[in-house]
Amino acid sequence: MIELNAQNFEQEVKNETSMPVLVDFWSEKCEKCMALMPEVEELEKKYEGKVKFGKIDAQKDRRFCWSLKVMSLPTFQLYKNGEKVEEITQDVTIDKIEEMINKNL
Amino acid sequence: MPDLYDCLIIGAGPAGLSAGIYAGRARLNTLVFEKKQIGGQASLTWGLENYPGSVEDPTGPKITARMREQAEAFGAIMKHEEVKSVDLSGKIKKVITNKGTYEGKTVILAPGASHIRLGIPGEEEFTGKGVSYCATCDADFFTDLDVIVIGGGDSGLQEGLYLTKYCNSVTIVEMLPELRASKILQERAANNPKVKIITHTAVEKIEGQDLVEKVILKNMETGERTEMPVQGVFVFAGMKPDTDLFKGLVDMDQKGYIKVDEYMRTNVPGVFAAGDCRIKWLRQVVTAAADGAQAAVAAEQYISENFAE
Ligand SMILES: Cc1cc2nc3c(=O)[nH]c(=O)nc-3n(C[C@H](O)[C@H](O)[C@H](O)COP(=O)(O)OP(=O)(O)OC[C@H]3O[C@@H](n4cnc5c(N)ncnc54)[C@H](O)[C@@H]3O)c2cc1C
């Protein structure tokens, strides 16, 4: 998964037109996020070449998260042609993430 | 992997992990299924000061990580899978997850409980946009901001006090005339300059543009409404059992809490329930762990009586 931040978000997410981008907002303190991470990495392999996977460490970049209207973990946003098309937050399961991906392929 | 397990445990909170420890030590072939994070609710709080033996900076994540380690050391296997349905009717029980079907001689139901949504206007809309149900997950976002905590019970005060490490101010609102939290937490809240407590008051509405900007409070006595600017709303206003999957399969009360006897047996032979999901009056880590132990030992006994070689 690509490490995203305020500097490369434009380039990696906003300007990505060849495939949807899944953005995983996480932090080490978020147990739910840490439990999901290995499964999200599995999904990344499964959707290789079809979906781009990135993650943002919310602890490092709180203000940037605010600017993306994220104030809760875990949050997963899906971008298509640079636009946010869907988001799930808090009661997140790996099935819900995959569902969101499939809906937007 | 055996085709037939001795014990299938649904949920890896304190109840399921404790059951895993006891089942493992009894040399039962045991799986523990968990759909979210291992440790359950208890892994989401920095509290846990009241669990016996948890002295010196105990935290939920630390203690539950140890419970997991302990269960695995005795042979219980963790499965990060969501149980989607169960068939408890026959002598051999079936547990169907998002990844496969497992058969067992016994099943221990330990799905715990999850927070209640209040159902007030703005709550759903602003979930993840200022409304939160997990202080340890989200506290960082509210650094130097003002937040309100809904619920004056143990969780509300404990999580409210945790939030004071980050927030500018923490207002705890309780609908009842008095707080319900234990006295020690009430004392700490009263002595913390960042905490303000408002009783006999309900949060009626959450408002904002893209993110939470304010709440409307209603005084339950006078009916008077006031506005309060806040950026965060943390909800700790009660729990409901996660037992929808088992409705109609085992006996429950009207709220969905599972009925068991003192051996943690449900009305279905070979099926046990432990922890926050069952009818009882003190829902804590210590009682969940106790339930898990009893359920596992009862399961062991059930197996020796019903599956003699
Ligand atoms: C904010 C907060 C603070 C708390 N503070 C304290 C404290 O200081 N001291 C204390 O003693 N107690 C505290 N508690 C209460 C304590 O956490 C619970 O009583 C305890 O965790 C209950 O354990 P349990 O194993 O029964 O359920 P849970 O901890 O709820 O665990 C159940 C697990 O089962 C999983 N599960 C459910 N359904 C399925 C399924 N279909 N498939 C797979 N897995 C499933 C869930 O994801 C969950 O992880 C607190 C609770 C909260 C919310």
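The values are calculated or read from the model by the stated rules, or taken from the named source; none is laboratory data. Keep in mind it's a predicted model, so treat the numbers as computed, not measured. Quick reminder, even Gly has a Cβ in these numbers, built from the backbone with ideal geometry, and neighbours come from all protein chains shown.
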Just one listed residue, out of B:E49, B:E72, B:E56, is more than 14 Å from chain A (Cβ to nearest Cβ), within 12 Å of the ligand (Cβ to nearest atom), of a type in the set (D, E) and surrounded by fewer than 23 Cβ atoms within 10 Å (Cβ to Cβ), and it is B:E49
Could you tell me how many of the residues in region A:42-66 are touching a strand residue (DSSP E or B) at 6+ places or on another chain (Cβ under 8 Å) and closer than 28 Å to B:G40 by Cα? 9
Residue by residue through region A:49-76, note down the ones that are facing another protein chain (nearest Cβ under 7 Å) and at positive phi. A:K69
Looking only at region A:31-42, and only at residues there that are closer than 15 Å to A:E99 by Cβ and buried (at least 18 other Cβ atoms within 10 Å of the Cβ), the one that is nearest to the other protein chains (Cβ to nearest Cβ): A:L36
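Say we look at region B:110-130 and pick out the residues that are near the ligand (Cβ under 9 Å from one of its atoms) and buried (at least 18 other Cβ atoms within 10 Å of the Cβ); which of these is farthest from the chain's Cα centre (by Cα)? Walk me through it before giving the result.
In the first step, residues of region B:110-130 are kept if they are near the ligand (Cβ under 9 Å from one of its atoms); the result is B:110-115.
Now narrow it down to the ones that are buried (at least 18 other Cβ atoms within 10 Å of the Cβ): B:110-113, B:115.
Working: B:A110: 10, B:P111: 9, B:G112: 5, B:A113: 5, B:H115: 8 Å.
Here the answer is B:A110.
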In region B:143-166, residue nearest to the other protein chains (Cβ to nearest Cβ) [restricted to those that are more than 16 Å from the ligand (Cβ to nearest atom) and more than 22 Å from B:I120 (Cα to Cα)]: B:T143
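Here's the yes/no breakdown for (1) at pLDDT 95 or above; (2) loosely packed, with under 14 Cβ neighbours inside 10 Å; (3) more than 25 Å from B:C137 (Cα to Cα):
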site	(1), (2), (3)
B:I150	yes, no, no
B:V170	yes, no, no
B:I206	yes, no, no
B:E213	yes, no, no
B:K218	yes, no, yes
B:D244	yes, yes, yes
B:K259	yes, no, yes
Being outside any loop (DSSP other than H, G, I, E, B), near the ligand (Cβ under 10 Å from one of its atoms) and either of a type in the set (A, V, I, L, M, F, W, C) or surrounded by 24 or more Cβ atoms within 10 Å (Cβ to Cβ) (or both) is the filter here, so list the residues in region B:261-291 that pass it. B:A273, B:G275, B:D276, B:C277, B:R278, B:V285, B:V286, B:A288, B:A289, B:D291
For region B:17-43, name all the residues that are within 14 Å of the chain's Cα centre (by Cα), over 15 Å from B:D291 (Cα atoms), more than 6 Å from the ligand (Cβ to nearest atom) and assigned to a helix (DSSP H, G or I). B:S43
